[in-house]
Amino acid sequence: MATLQAGLLGWLRSFKVYAEPASLRMLALGFSAGLPLLLVLGTLSFRLREAGIDRTTIGYLSWVGLAYGLKWLWAPLVDRLPLPGLTRWLGWRRSWLLLAQVGVVVGLLGMGHFNPQEDLHALVACAMLTAFSSATQDIALDAFRIESAAVTRQAALAACYQTGYRLAMIWAGAGGLWLTAQAEALGVATASTAATPSPYQNAAWQWAYSVMAASMGVGLLTVLACAEPARREGVRSQSIGEWLKSALVEPFLDFVQRYRWQAVLILSLIAIYRISDVVMGIMANPFYVDMGYTKTEVATVSKVYGVIMTLTGAFVGGAMALRLGVMRVLMLGAALSLGGNLLFAWLAGQGHNLNGLIWVVSADNLASGIASAAFIAFLSSLTNVRYSATQYALFSSLMLLAPKWLAGFSGRFVDAHGYAPFFLSTAALSLPVLVLVFFTARLKIFQRRAESPH
């Protein structure tokens with residue numbers, strides 16, 4: 001009994017790490033990091049389609065999201081370049097965080113202000129500013145997190161960051177649609193929008209995006225209130241060339257030297273594993289609009305049920321990977337992603353079917369959670385502990401580039417062939433993934449890992 005009580009007390013002490021100031025700061029900063037993502041992608045695509053923007057254009061505009069996959073290009077500047085005035089006042093990390101967050105606020109306010117029916121180019125420019133600023137915030141925030149606490153606290157900080165990030169995604173997705181629907185119900189409209197026969201009301205969307213911009217205050221106040229973390233010795237003494245060599249060249253060469261010709265197969269798998277989900281996801285919100293689903297229905301089903309099922313899938317996928325091995329669950333995740341896309345193809349022929357939407361979105365997000373958990377474990381297993389952060393960042397960028405680029409043509413395909421053929425084609429994109437997983441799993445290094453009791 002005494003042993004049990006001691007064990008419980010030990011666990012309780014362990015959980016106290018989440019009440020520490022560093023953890024609470026990371027929860028708030030994770031919220032500010034997760035908020036802009038859907039507002040420049042999923043929520044924006046719903047708004048554009050409701051405004052009557054053609055699907056081809058919406059598909060091309062999804063390339064705004066490439067900023068998140070290319071952020072490593074300007075990461076050396078964020079790490080090395082002081083900001084006149086701000087750096088002296090706030091310090092290196094906080095100055096970049098504040099500048100990036102102000103950029104997000106300005107971008108969101110601009111996105112809300114401009115009507116896509118009249119000023120689409122201006123709205124896209126503001127979306128690009130938001131995405132670029134958000135990606136810059138991610139760069140500075142990763143460094144801030146690493147330098148804010150010892151290695152033993154990093155797992156807790158990462159957990160708080162992810163929690164805040166997911167809460168922000170629910171708020172930006174479901175919350176954004178709900179705010180717009182409530183504003184429309186209360187008659188928040190200008191004379192110009194009231195005279196427009198279209199059901200689209202830009203004033204309602206402006207209200208929602210203004211609330212989202214105000215929500216960035218969580219991160220802004222946190223940056224202003226917290227202290228600048230201590231920087232590691234020797235960081236400032238490196239030149240840009242030395243930084244690039246240690247941050248990009250050496251980690252990549254290490255990976256190639258360890259896996260040799262097998263690196264081509266592994267990198268190919270990384271580049272396309274999530275391709276079906278990413279390409280399909282760009283047209284999901286326009287699909288909901290065209291099928292007649294209301295903002296409240298989409299907010300409840302796609303954003304709330306979807307996020308819950310994604311998290312459930314992540315826990316299930318993690319447990320399955322532990323019991324069955326990463327490669328088996330990686331194969332299962334790819335197969336389930338194929339099945340999820342086939343369910344959307346079925347739903348495309350059902351018209352406005354709320355029960356069908358609930359089941360399809362729930363199943364698809366459960367599959368996505370399982371696949372994501374296995375894929376994260378797979379990527380983590382490939383890194384060298386000497387370059388873990390850099391190699392993982394490079395892998396994460398690689399997995400987005402090809403899918404995001406191809407996703408830009410999704411609207412053009414739907415306009416030409418319709419939704420059902422589009423979802424069938426995205427399901428077919430999983431077939432080469434299954435082949436690559438099959439051959440990768442048969443590499444000797446992964447067979448040894450599967451046979452290991454660890």
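The values are calculated or read from the model by the stated rules, or taken from the named source; none is laboratory data. Quick caveat: nothing in here was measured; it's all calculated off a predicted structure. Every residue, glycine as well, gets a Cβ built from its backbone with ideal geometry; the counts of neighbours run over all protein chains shown.
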Next on the checklist: Could you check region 85-104 and list, in sequence order, the residues that are among the basic types (Lys, Arg) and over 17 Å from Arg25 (Cα atoms)?
Outcome noted: Arg88
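Checking the structure you have, find out if any residue of region 422-438 is in the same structural domain as Val304 (by TED's automatic domain parsing) and modelled with pLDDT under 85. Working first, answer last.
To start, the set of residues in region 422-438 that are in the same structural domain as Val304 (by TED's automatic domain parsing) comprises 422-438.
Restricting the remaining residues to those that are modelled with pLDDT under 85 gives none.
No, region 422-438 contains no residue that is in the same structural domain as Val304 (by TED's automatic domain parsing) and modelled with pLDDT under 85.
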Next on the checklist: Quick test for you: out of Arg94, Arg88, pick the one residue that is surrounded by fewer than 19 Cβ atoms within 10 Å (Cβ to Cβ) and basic (Lys, Arg).
Outcome noted: Arg88
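So, in region 66-85, of the ones that are among the charged types (D, E, K, R) and crowded, with 18+ Cβ neighbours inside 10 Å, which residue ends up modelled with the lowest pLDDT? I'd like the intermediate steps shown before the answer.
Looking only at region 66-85, we keep the residues that are among the charged types (D, E, K, R), and these are 71, 79-80.
Then drop every residue that is not crowded, with 18+ Cβ neighbours inside 10 Å, which leaves 71, 79.
On the way: Lys71: 81, Asp79: 72.
Checked region 66-85; the qualifying residue modelled with the lowest pLDDT is Asp79.
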Item to check | Filter result (under 18 Å from Trp346 (Cα atoms) and of a type outside the set (S, T, N, Q)) within region 416-443 | outcome: His417, Gly418, Tyr419, Ala420, Pro421, Phe422, Phe423, Leu424, Ala427, Ala428, Leu429
Checklist entry - Could you count how many residues in region 32-88 are without any contact (Cβ under 8 Å) to a residue 24 or more places away in the chain, of a type outside the set (Val, Ile, Thr) and either assigned to a helix (DSSP H, G or I) or under 30 Å from Pro199 (Cα atoms) (or both)? => result 4
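Looking at region 257-290 only, could you name the residues that are without any contact (Cβ under 8 Å) to a residue 40 or more places away in the chain and within 29 Å of Ser337 (Cα to Cα)?
Narrowing region 257-290 to residues without any contact (Cβ under 8 Å) to a residue 40 or more places away in the chain: 257, 260-261, 263-264.
Within region 257-290, Trp261, Ala263, Val264 qualify.
Look at Ser381 and say whether it is in the same structural domain as Val264 (by TED's automatic domain parsing), over 20 Å from the mean Cα position of the chain (by Cα), among the hydroxyl-bearing types (Ser, Thr, Tyr) and over 15 Å from Met280 (Cβ atoms). Explain how you work it out, then say what you get.
Working: in the same structural domain as Val264 (by TED's automatic domain parsing): yes; over 20 Å from the mean Cα position of the chain (by Cα): yes; among the hydroxyl-bearing types (Ser, Thr, Tyr): yes; over 15 Å from Met280 (Cβ atoms): yes.
So Ser381 passes the test.
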Item to check | Verdict on Ala299 being out of contact with any strand residue (DSSP E or B) (no Cβ under 8 Å at 6 or more places or on another chain) and crowded, with 20+ Cβ neighbours inside 10 Å | outcome: yes
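Across region 107-121, which residue is surrounded by the fewest Cβ atoms within 10 Å (Cβ to Cβ) among those that are out of contact with any helix residue (DSSP H, G or I) (no Cβ under 7 Å at 6 or more places or on another chain) and outside any loop (DSSP other than H, G, I, E, B)? Even if it seems obvious, please write down each step before you answer.
Looking only at region 107-121, we keep the residues that are out of contact with any helix residue (DSSP H, G or I) (no Cβ under 7 Å at 6 or more places or on another chain), and these are 117-121.
Next cut, outside any loop (DSSP other than H, G, I, E, B) only: 120-121.
Values: Leu120: 16, His121: 9.
Ranking the qualifying residues of region 107-121, first place goes to His121.
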